[in-house]
Amino acid sequence: MIHVTKTFFPPIQEYQKQVQRIWDNQWLTNNGELYNELSKKLVHYLGAKHIIPMTNGTLPMQIALNALAEEGEVITTPFSYVATTSSIVWEKCMPVFVDIHPEYLSIDETKIEAAITSKTTTILATHVFGNPCNIDAIEKIAEKYSLKVIYDAAHCFGVNYNGQSVFNYGHVSTCSFHATKLFHTGEGGAAFVQDEETLHELFYRHNFGHNGPMEYYGLGINAKMSELQAAMGLSVLPYMDKIIVERKKVCDYYDAHIDFSTLRKLKLRENTEWNYSYYPVIFESEEDLLEAEAALNEKNIFPRRYFYPSLEELPYVKTNNCSIAASIAKRIMCLPLFVGITPNQKDRIAETLNKIK
């Protein structure tokens, strides 16, 4: 059985060594030794400015919205995982959908200004499948209208844009460290920020608002990463270069062996150093996709319709009639991509797809 992804497990002995440190320290959470070590190593590996690791990838987005969006209108994309939109609504903000670029699949920056009103406070854009938005254009618009920018960079671990980490853009970028991601802590995530003031505010907000044990800076919740999660991260991080190389080999194989006469691939934005996080293919119609999915399933191959459906279909939002996103969501599917996929498995996937006409 071939699933769309498979969690990378480091050698158990290496994880056990990290866990032993936790037992030796008798410290499970609250800014522990492993948490601080992981934070420093991630900043160094990624070339990021500031990081706040958290217990999952959704809380950084919710906390950033709570701190920056002021319960206003948030311009966003309907082509993303549900957490992007649900976080906006959860924080009592109003999502305002803007359609996507048909090739890059990220928010169409040329349509953002028309969606701005006097109630707009924030742009929350998703770097889709690790493919950066048009950051330069978005940040010019944000500066022109005095808007905050949050990037949903859940898929972007290791992605560089214009020669630096994609996490170094916007007011806040958020990333997922879920078990299915390139880098993971089992369950986890992080907020990346550019300045000390935002770092301070998001840090206290993710720790109940504490200023020491008895005082408070302000409102906060509990989003702290545990030492057990940090232990997994410290065990996985040394393998990241290998993970990216191995995933690139799978992508290169698909590029060379899949018949793209009736399919098309994601177009990567110029000046992007990609991380090979997903391998989406776009069909000419939803009927073609469903036929391919059924054929693959018959061979015990299970791709994923990701992202589907368009988030405009959620029951708690208003539609903006984003026709491109709606169409792409019905026609896109991610193929299996993980470290350890065998040559035989890759052959089966490509051969099955190529037989469908």
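The values are calculated or read from the model by the stated rules, or taken from the named source; none is laboratory data. Here the structure is a predicted model, which is why all the values come from computation and not from measurement. Note: ideal-geometry Cβ built from the backbone for every residue, glycine included; neighbour counts use all protein chains shown. Remember, those area values only see protein heavy atoms, side chains included, never the ligands or the DNA or RNA. Shrake-Rupley method; radii C 1.70, N 1.55, O 1.52, S 1.80 Å.
Kindly establish whether Leu335 is over 23 Å from Lys181 (Cα atoms) and at pLDDT 95 or above. Here the answer is no, as Leu335 does not meet what is asked.
For segment 1-85, list the helices (runs of 4 or more DSSP H) that sit wholly inside it and hold at least 3 residues that are surrounded by 14 or more Cβ atoms within 10 Å (Cβ to Cβ) and of a type in the set (A, V, I, L, M); which are they?
33-46, 59-68
Evaluate segment 217-232: report whether one residue or more is within 26 Å of Ala125 (Cβ to Cβ) and either polar (S, T, N, Q) or open to solvent by less than 10 Å² (accessible area, probe 1.4 Å) (or both). So far as segment 217-232 goes, yes, one or more of its residues are within 26 Å of Ala125 (Cβ to Cβ) and either polar (S, T, N, Q) or open to solvent by less than 10 Å² (accessible area, probe 1.4 Å) (or both).
Restricting attention to segment 292-325 and to residues that are in contact with a helix residue (DSSP H, G or I) (Cβ under 8 Å, 6 or more places away or on another chain), hydrophobic (A, V, I, L, M, F, W, C) and closer than 23 Å to Ser106 by Cα, the residue that is surrounded by the fewest Cβ atoms within 10 Å (Cβ to Cβ) turns out to be Leu314.
State the number of residues belonging to segment 97-114 that are aromatic (Phe, Trp, Tyr) and assigned to a loop (DSSP other than H, G, I, E, B).
If we filter segment 97-114 for residues that are aromatic (Phe, Trp, Tyr), which is where we start, we get 97, 104.
Still in the list and also assigned to a loop (DSSP other than H, G, I, E, B): 104.
Total satisfying the criteria: 1.
Residues in segment 115-143 that are under 17 Å from Ala64 (Cβ atoms) and either assigned to a strand (DSSP E or B) or modelled with pLDDT under 95 (or both): Thr120, Thr121, Thr122, Ile123, Leu124, Ala125, Thr126. Of the residues making up segment 202-228, those that are over 22 Å from the mean Cα position of the chain (by Cα) and assigned to a strand (DSSP E or B) are Asn207, His210, Asn211, Glu215, Tyr216.
Give me the residue from segment 161-197 that is more than 26 Å from Ala69 (Cα to Cα) and among the hydrophobic types (A, V, I, L, M, F, W, C) and, out of that set, surrounded by the most Cβ atoms within 10 Å (Cβ to Cβ). Residue satisfying both the conditions and the ranking: Leu182. Of all residues in segment 144-157, those satisfying the criterion of being within 18 Å of Pro60 (Cα to Cα), open to solvent by 10 Å² or more (accessible area, probe 1.4 Å) and assigned to a loop (DSSP other than H, G, I, E, B) are Ala154, His155. Kindly check whether there is at least one residue in segment 89-108 that is more than 18 Å from Ala325 (Cβ to Cβ) and open to solvent by less than 10 Å² (accessible area, probe 1.4 Å). No, because not a single residue in segment 89-108 is more than 18 Å from Ala325 (Cβ to Cβ) and open to solvent by less than 10 Å² (accessible area, probe 1.4 Å). In segment 326-352, which residues are in contact (Cβ under 8 Å) with a residue 60 or more places away in the chain, over 17 Å from Ala295 (Cα atoms) and open to solvent by 10 Å² or more (accessible area, probe 1.4 Å)? Selection gives Ala326, Phe338, Val339, Gly340, Ile341. Taking each residue of segment 190-219 that is more than 22 Å from Lys41 (Cβ to Cβ) and at pLDDT 95 or above and looking for partners that are surrounded by 11 or more Cβ atoms within 10 Å (Cβ to Cβ) and of a type in the set (Val, Ile, Thr) with beta-carbon atoms closer than 8 Å, six or more apart or interchain, yields Arg205/Ile63; Arg205/Ile221; Phe208/Ile221.
Do the conditions hold for Tyr254, that is, is it among the aromatic types (Phe, Trp, Tyr) and open to solvent by less than 30 Å² (accessible area, probe 1.4 Å)? It is true that Tyr254 is among the aromatic types (Phe, Trp, Tyr) and open to solvent by less than 30 Å² (accessible area, probe 1.4 Å). The residue that is farthest from Ala230 (Cα to Cα), counting only those in segment 182-201 that are within 13 Å of the chain's Cα centre (by Cα) and outside any loop (DSSP other than H, G, I, E, B), is Phe192.
So, Asp241, is that one open to solvent by 30 Å² or more (accessible area, probe 1.4 Å), without any contact (Cβ under 8 Å) to a residue 12 or more places away in the chain and over 14 Å from Phe157 (Cα atoms) or not? So Asp241 does not fit the description; no.
Gly130 fulfils the conditions (1) within 18 Å of Met61 (Cα to Cα); (2) surrounded by fewer than 24 Cβ atoms within 10 Å (Cβ to Cβ); (3) under 19 Å from the mean Cα position of the chain (by Cα); (4) free of Cβ contacts under 8 Å to residues at least 60 places away in the same chain except for a single criterion, (4). Here the condition is being touching a residue at least 40 places away in the same chain (Cβ under 8 Å), of a type outside the set (S, T, N, Q) and touching a Cys at 6+ places or on another chain (Cβ under 8 Å); of Glu312, Glu286, Glu246, Glu291, it holds for Glu312 alone. Looking only at residues that are farther than 22 Å from His127 by Cα and open to solvent by 80 Å² or more (accessible area, probe 1.4 Å) in segment 258-289, which one is modelled with the lowest pLDDT? Going through the qualifying residues, I end up with Ser261.
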